[in-house]
Amino acid sequence: MIWDYRTAGIPDDLFYRGNIPMTKSEVRVVTLSRLQLKETHRLLDIGCGTGSVTIEAALQCVKGQVIAFDKNPEALELTQKNAVHFSVENVTILQGEAPEDLPEQQFDRIFMGGGSRKSDEIIAYARKHLKATGIIAANTILLDSTYRILQALEKQGFEKVECTCVNVARGQKTGGGWMMKAMNPIYIISAMVPGEES
């Protein structure tokens with residue numbers, strides 16, 4: 001097995017990357033902590049990209065299921081390649097447009113990778129397809145996308161709405177010594193459907 005540990009944050013260089021943006025390991029760790037996964041959970045990853053969140057979730061939800069959804073064939077091909085690479089068998093890959101082609105089933109968790117122009121409609125879908133106390137998490141870069149998602153979550157009656165800006169700098173050795181190279185700040189949003197956990 002490529003990653004035989006219980007901890008999240010698989011190093012980025014262990015994934016097949018291609019030309020598709022990927023959620024970096026440090027951001028993944030915080031995002032996964034917000035999703036609060038159990039081994040039996042069913043998670044929907046909307047805009048799965050390279051599948052880095054899909055893979056990490058599948059490794060945690062060993063008795064559950066992860067559905068990776070994207071409109072980009074290259075993204076889905078990379079996600080499939082990474083699923084094989086990490087030997088996860090509880091991943092289903094679907095292609096389509098969100099929200100119209102999203103699956104009609106209930107989920108324990110939903111993750112949105114990146115900001116969509118249809119974030120209002122996707123949040124409305126999540127409200128209908130998340131179980132009671134189900135959690136949605138989203139990662140965004142743009143302030144506009146972040147604000148739209150926060151507004152949509154409040155409008156749809158989600159509880160425990162949180163937003164954290166993660167600023168990460170990685171050490172890089174240069175000719176003169178070590179320097180810290182900053183990555184893009186990422187907003188991590190999470191919220192919960194009201195209800196009592198069964």
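Annotations
- Scanning region 52-69 for any residue that is under 30 Å from Glu100 (Cβ atoms), out of contact with any Cys (no Cβ under 7 Å at 6 or more places or on another chain) and in contact (Cβ under 8 Å) with a residue 60 or more places away in the chain turns up at least one such residue.
- Comparison of Asp70, Asp12, Asp4, Asp101 shows that the only residue that is closer than 23 Å to Val193 by Cβ and charged (D, E, K, R) is Asp101.
- Evaluation of Ser52 against the conditions (1) surrounded by 21 or more Cβ atoms within 10 Å (Cβ to Cβ); (2) small (Gly, Ala, Ser); (3) in contact with a strand residue (DSSP E or B) (Cβ under 6 Å, 6 or more places away or on another chain); (4) at pLDDT 95 or above shows that the sole unmet condition is (3).
Results for (1) surrounded by 14 or more Cβ atoms within 10 Å (Cβ to Cβ); (2) among the aromatic types (Phe, Trp, Tyr); (3) within 18 Å of the chain's Cα centre (by Cα), shown as yes or no for each residue.
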position: His129; (1), (2), (3): yes, no, yes
position: Ile135; (1), (2), (3): yes, no, yes
position: Asn139; (1), (2), (3): yes, no, yes
position: Leu142; (1), (2), (3): no, no, yes
position: Gln156; (1), (2), (3): yes, no, no
position: Val161; (1), (2), (3): yes, no, yes
position: Ala169; (1), (2), (3): no, no, no
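- Members of region 171-198 found to be closer than 18 Å to Ile141 by Cα and out of contact with any strand residue (DSSP E or B) (no Cβ under 8 Å at 6 or more places or on another chain), listed by number: Asn184
The values are calculated or read from the model by the stated rules, or taken from the named source; none is laboratory data. Being a predicted model, the structure only gives us computed values, none of them experimental. Cβ sites come from the backbone with ideal geometry, for glycine too, and all protein chains shown count toward neighbours.
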